[in-house]
Amino acid sequence: MPAAFEGTLREAGLLAGRLLLVFLFVHEGWTLMGNYAGAVAYMQKSGVPALLLPAVIALQLGGGLLIAAGIGTRFVALLFAAFCVLTAILFHWQLADRNQVLHLQKDLAIAGGFLVLACCGPGSWSIGRRLMPALRD
């Protein structure tokens with residue numbers, strides 16, 4: 001395979017990976033804003049302080065958009081990886097419930113994807129690389 005094609009394939013994969021990883025979080029952040037009271041009730045039911053909800057929304061929306069743009073990708077991806085592990089532990093700890101186990105596994109798999117992104121960075125197909133080289137990774 002020619003090196004130029006491999007490079008293009010790598011960059012396209014990093015772009016697609018970034019967008020696919022954060023689509024879930026940007027959408028969820030937007031949904032949480034629209035159902036704030038429901039989100040507070042769910043958090044409280046799980047023993048998680050509702051005062052964390054604004055930070056969750058900020059990470060999901062703001063962090064998601066930063067990763068999509070390739071700005072601060074490595075750092076924000078680490079934040080998302082930690083968030084996913086915490087979500088798995090705080091909300092999906094009922095291992096006797098098959099549905100909860102699947103959610104736990106999903107959250108851990110997404111955390112793994114963010115760790116890979118933190119190691120690889122955004123790639124060259126990113127707004128961050130073009131406009132803000134100092135913040136690109």
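Every read-out reported here was derived from the displayed coordinates using simple, explicitly stated rules and does not represent laboratory data. For clarity, every value in this text was computed on a predicted model and none was experimentally measured. Here the Cβ positions follow ideal geometry from the backbone for every residue, glycine too, while neighbour counts run over all protein chains shown.
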Difference of contour (0.36 nm per residue) and Cα-Cα distance, Ala82 to Leu65:
4.4 nm
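Evaluate the relative contact order of the range 13-135 (contact order divided by residue number), counting alpha-carbon pairs under 8 angstrom at least 6 apart; express in whole percent.
32 percent
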Label point 7 Å beyond Cα of Glu28 along Cβ direction - residues of the range 81-101 with amide nitrogen under 15 Å
81-93, 100-101
May I ask you to evaluate 6.51 cos²θ - 1.76 cosθ + 1.60, the Karplus curve with θ = phi - 60°, for each residue of the range 42-59 and list the ³J(HN,Hα) values in order in whole Hz, giving x for glycine and proline?
5, 5, 5, 4, 8, x, 9, x, 5, 5, 7, 4, x, 5, 4, 5, 4, 5
Name the residues of the range 19-49 whose amide N is less than 16 Å from a point 7 angstrom out from the Cα of Ala58 along the C-beta direction?
29-30, 33
If you place +1 on the Cβ of every Lys and Arg, -1 on the Cβ of every Asp and Glu, and leave all else neutral, what size is the dipole of the range 13-135 about its Cα centre, to the nearest 20 Debye?
260 debye
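Among His103, His27, His92, which comes first, then next, by fewest other beta-carbon atoms within 10 Å? If you can, show how the numbers build up before the last one.
Numbers: His103 16, His27 13, His92 20.
Ascending number of Cβ neighbours within 10 Å: His27, His103, His92.
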Sorted largest first, the C-alpha extents of the chain along its principal axes in whole angstrom are 53, 31, 20
